[in-house]
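Heads up, the thing below is written out as structure tokens.
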Amino acid sequence: MNQPFRPPAVPLVTVDPFFSIWSSGEVLHRDATRHWTLVPHELVGLIRVDGKLFRFLGSTNQGPAWRNANQPSGMNQTDLRVEATRTVVTYREAEIVFTVTFMTPLLTDDLDVLSRPFSYVHFAVETTDGAAHSVQIYFDAAAGIASSRDDAPMVWEEAPIGDGWKTLRTGTWQQNRLSHRGDLTTIDWGYLNLMCEGTAETRFGPAREMRAKFRADGTIADANAELPRKGLSIAAGAPWLAAAWDLGTVSGSAERLMILGYDDGVSIDYFGTARPAYCFRNGLTFADIAKLAIAEWPKLAENCTAFDKKLRTSAEAAGGAKYADLVALAYRQSIAAHKLIADEDGEAIFLSKECTSNGSIGTVDVSYPSTPLYLWLEPELVAGMLRPVLRFAESDMWPAAYAPHDVGTYPRATGQTYGVFIDRVEHAWQMPVEECGNMLVMAAAHAVRSGSTTLAERYWPVLEQWAKYLVENGLDPENQLCTDDFAGHLARNTNLSIKAILGIASFAKLCELTGKAGADRYRTTAREYAARWEEMARDDEHYRLTFDGEGTWSLKYNLVWDRILGYNLFSASIAEKEIAWYLKHADRYGVPLDSRAAFTKTDWLIWASCLSQDRTIRDRFIELVWAFANETPDRAPFSDWYDTHDAREQSFHNRTVIGGIYMPLLVDHFDEISDSTKGVNR
């Protein structure tokens, strides 16, 4: 197969943390498709050419559906391209070129489209020998996509949607919306929808029988003749959703379209109010949005193709072809690990799920590393990350003087996940300096990029309180957690101190932009702290992990904001020495996060590469991360925590922080895309 880059997992259907389906292999018919948790969420695709059956998607070795059935051979896959919004797969067999495109239009310039719960699957057949060939296509989806429980009774129905389209939908009999929260969880409410043009045959039924019927004659007629109307659990054989298309005799080209959608009804418990996705904020129904998704397919396909091309071109200019591979792979993962809703005022609320690391919602130190993607493309999404945290911090629910870690556990944004009790906040579980610094840097970056201080002014007392906290506690942090909490508590953390200093400078920037008093005072403090930091952290040829840790070292990735935001607090020689030190300690797949262990962080490694203005340095770091993604034996969505010796994932995957890969693009273009020089909109 022609494939220079082998992604660790291939994004197929990427809508939100619950509706997220991937292939764990680069050849799509060698494994079952899976939710990002790696639980099978099965989609299976077959194609029949001149009576011969091939499988192009899904595994023949997973689950009961294939037992005692003849196994169709895998179609010869010749190419796989993962672009930002599309995965394009090409097969060739029997003088037929078959192209399948999985597209989720996560376009940041249209938040209504971005928040729609739909993903497209487009089939295109082309003959190559000038002869005519009989072609039929089959696709099915497991009912288990709509329930995490095998014993839950299911319901299913056909629902005509208008415009010549029809829908199959299935979900649990008892709809307990927002019924559970957690990390490695899948959904138990709402309805999976398989939507097809009217020319398609659609059926509910046992997958084995429908596939056997399709093998025999290219149809699925009457495959579900004995099916009860409702009530079967998945374990008892709840029917799959299937569609088949007879393309007839193809002598040139032919194409068909299918849409997969998920109607969850409500998506997030937002401080006590159940909120649907952003696109439903003005009262449109699922059927209304489905009709828009159908009608706008040609334009969206054109827009996604153009966006993907433009993004790849920009990424290649910033870091070469390998960087473009990483940028494309990170795009859908980062966005679809969020849910976009609207609050009671109609403002965007962009809530991350902290996948594989505790399931928190709106985690501040998960938003912070992801911001390069969103600052570069759409700063309103950064505002959408900040609003829920600022609202929670301003409320009576949060008594601490520092910023909270999160606003709940997905999908319930109702209060912090851990460390908050009825009568107290458990300080040892918090990240006081970390989250204050993150919030202030993000708030300043948003204000500069967007040209608006409205959000900062709305929550000014909270931001000022956090700035004062950093002045008092940030230069030499006490023993506490930081975002790299998997490495444990750490006192006198030099990289955390950098974040605090930049947080203070960021509040000075906000004072300047709003015309409020304090800019000179906070900027002077930040400069004084930066000078003291250089003396306190110096260790011969580099700078320490902790102020008292002689011989230790760490990636000083937070320094990148000093350059982006133009604070110029730290001597240029610091970054030069650090980069030289990192290169001395580079392993096969990257530079370790610090001197304590061999693991590193994907996002921080790319950030560290931007400390140097030498393009060859950036390229070297990108090469290391690309090698990890291309060679890791762990076939899960793009990990941000891995071992630099053997490229093994260290448990994190599908996290929004992978948006940090976009830092080189942000560094190169922040000044030209920022609106602050055009006048601040207050």
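The values are calculated or read from the model by the stated rules, or taken from the named source; none is laboratory data. What you are looking at is a predicted structure, and each value in this text was computed from that prediction instead of being measured. Cβ coordinates were reconstructed from backbone atoms using ideal geometry, including for glycine residues, and neighbour counts include every protein chain displayed.
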Checklist line | Output for the stretch 573-621, where each listed residue is β-branched (Val, Ile, Thr), under 14 Å from Tyr543 (Cβ atoms) and touching a residue at least 40 places away in the same chain (Cβ under 8 Å) | finding: Ile574
Checklist line | Search result, residues across the stretch 117-148 that are surrounded by fewer than 24 Cβ atoms within 10 Å (Cβ to Cβ), assigned to a loop (DSSP other than H, G, I, E, B) and either among the polar types (S, T, N, Q) or touching a strand residue (DSSP E or B) at 6+ places or on another chain (Cβ under 8 Å) (or both) | finding: Thr128, Ala132, Ser148
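Examine the stretch 294-315 for a residue that is under 25 Å from Ile361 (Cα atoms), of a type outside the set (Asp, Glu) and touching a strand residue (DSSP E or B) at 6+ places or on another chain (Cβ under 9 Å), and state whether such a residue exists.
No.
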Notebook entry, point to check: assigned to a helix (DSSP H, G or I), assigned by TED's automatic domain parsing to the domain that holds Lys556, more than 23 Å from Pro592 (Cβ to Cβ) and free of Cβ contacts under 8 Å to residues at least 24 places away in the same chain, is that true of Cys436?
Noted result: no
Notebook entry, point to check: Does Ala337 satisfy the criteria of being in the same structural domain as Pro664 (by TED's automatic domain parsing), free of Cβ contacts under 8 Å to residues at least 40 places away in the same chain and under 19 Å from the mean Cα position of the chain (by Cα)?
Noted result: no
Checklist line | Filter result (surrounded by fewer than 22 Cβ atoms within 10 Å (Cβ to Cβ), touching a Phe, Trp or Tyr at 6+ places or on another chain (Cβ under 7 Å) and not hydroxyl-bearing (Ser, Thr, Tyr)) within the stretch 75-105 | finding: Asn76, Glu93
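To keep it simple, each residue is scored yes or no on (1) among the aromatic types (Phe, Trp, Tyr); (2) surrounded by 24 or more Cβ atoms within 10 Å (Cβ to Cβ); (3) out of contact with any Ser or Thr (no Cβ under 9 Å at 6 or more places or on another chain).
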{"site": "Asp396", "(1), (2), (3)": "no, no, yes"}
{"site": "Val407", "(1), (2), (3)": "no, yes, no"}
{"site": "Cys436", "(1), (2), (3)": "no, yes, yes"}
{"site": "Ala445", "(1), (2), (3)": "no, yes, no"}
Next item on the list: Starting from the stretch 206-221, take each residue that is without any contact (Cβ under 8 Å) to a residue 40 or more places away in the chain and more than 18 Å from Ala235 (Cα to Cα) and list its partners that are among the hydrophobic types (A, V, I, L, M, F, W, C) and part of a loop (DSSP other than H, G, I, E, B), counting only C-beta distances under 9 angstrom and pairs at least six apart or across chains.
Entry: Lys213/Ile220; Lys213/Ala221; Lys213/Ala223
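Residue-by-condition table, conditions (1) crowded, with 20+ Cβ neighbours inside 10 Å; (2) outside any loop (DSSP other than H, G, I, E, B); (3) of a type outside the set (D, E, K, R):
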{"position": "Arg596", "(1), (2), (3)": "no, no, no"}
{"position": "Leu605", "(1), (2), (3)": "yes, yes, yes"}
{"position": "Gln613", "(1), (2), (3)": "no, no, yes"}
{"position": "Ile622", "(1), (2), (3)": "yes, yes, yes"}
{"position": "Phe628", "(1), (2), (3)": "yes, yes, yes"}
{"position": "Ser651", "(1), (2), (3)": "no, no, yes"}
{"position": "Asn654", "(1), (2), (3)": "yes, no, yes"}
{"position": "Gly659", "(1), (2), (3)": "yes, yes, yes"}
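From the list Ile259, Ile220, which residue is out of contact with any Pro (no Cβ under 8 Å at 6 or more places or on another chain), surrounded by 19 or more Cβ atoms within 10 Å (Cβ to Cβ) and not in a loop (DSSP other than H, G, I, E, B)? Give the derivation first.
Numbers: Ile220 fails: not in a loop (DSSP other than H, G, I, E, B).
Among Ile259, Ile220, only Ile259 is out of contact with any Pro (no Cβ under 8 Å at 6 or more places or on another chain), surrounded by 19 or more Cβ atoms within 10 Å (Cβ to Cβ) and not in a loop (DSSP other than H, G, I, E, B).
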Notebook entry, point to check: Considering Ile187, Ile161, Ile220, Ile145, which residue is more than 25 Å from Arg256 (Cβ to Cβ) and not basic (Lys, Arg)?
Noted result: Ile187
Margin query: Tell me yes or no: at least one residue of the stretch 178-194 is of a type in the set (Phe, Trp, Tyr), in contact (Cβ under 8 Å) with a residue 12 or more places away in the chain and in contact with a helix residue (DSSP H, G or I) (Cβ under 8 Å, 6 or more places away or on another chain).
Written below: yes
Next item on the list: Please determine, by comparing only the residues of the stretch 449-496 that are of a type in the set (Val, Ile, Thr) and under 28 Å from the mean Cα position of the chain (by Cα), which one is modelled with the lowest pLDDT.
Entry: Thr483
Checklist line | Filter result for Arg169 (assigned to a loop (DSSP other than H, G, I, E, B), outside the structural domain of Gly415 (by TED's automatic domain parsing) and touching a strand residue (DSSP E or B) at 6+ places or on another chain (Cβ under 7 Å)) | finding: no
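Using the structure shown, decide if Ala403 is touching a His at 6+ places or on another chain (Cβ under 7 Å) and assigned by TED's automatic domain parsing to the domain that holds Tyr459.
Spelling it out, it is not the case that Ala403 is touching a His at 6+ places or on another chain (Cβ under 7 Å) and assigned by TED's automatic domain parsing to the domain that holds Tyr459.
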Notebook entry, point to check: Out of curiosity, is Thr108 among the hydroxyl-bearing types (Ser, Thr, Tyr), closer than 30 Å to Ala290 by Cα, more than 22 Å from the chain's Cα centre (by Cα) and surrounded by fewer than 22 Cβ atoms within 10 Å (Cβ to Cβ)?
Noted result: no
Margin query: So, Val471, is that one crowded, with 17+ Cβ neighbours inside 10 Å and farther than 23 Å from Val382 by Cα or not?
Written below: yes
Next item on the list: Hey, could you check the stretch 474-526 for residues that are touching a Gly at 6+ places or on another chain (Cβ under 6 Å) and either within 15 Å of Asn438 (Cβ to Cβ) or outside the structural domain of Val366 (by TED's automatic domain parsing) (or both) and say which is surrounded by the most Cβ atoms within 10 Å (Cβ to Cβ)?
Entry: Gly503
Notebook entry, point to check: Tell me, which residue of the stretch 553-596 that is of a type in the set (Gly, Ala, Ser) and out of contact with any helix residue (DSSP H, G or I) (no Cβ under 7 Å at 6 or more places or on another chain) is farthest from Leu490 (Cα to Cα)?
Noted result: Gly566
Next item on the list: For the stretch 46-61, name all the residues that are at pLDDT below 95 and in contact with a helix residue (DSSP H, G or I) (Cβ under 7 Å, 6 or more places away or on another chain).
Entry: Thr60
Next item on the list: Out of the residues in the stretch 352-378 that are part of a helix (DSSP H, G or I) and of a type in the set (Val, Ile, Thr), state the one that is nearest to Met439 (Cα to Cα).
Entry: Val364
Note to self: Can you find, within the stretch 15-31, the residue that is surrounded by the most Cβ atoms within 10 Å (Cβ to Cβ) among those that are among the hydrophobic types (A, V, I, L, M, F, W, C) and more than 22 Å from Gly190 (Cβ to Cβ)?
What the structure shows: Leu28
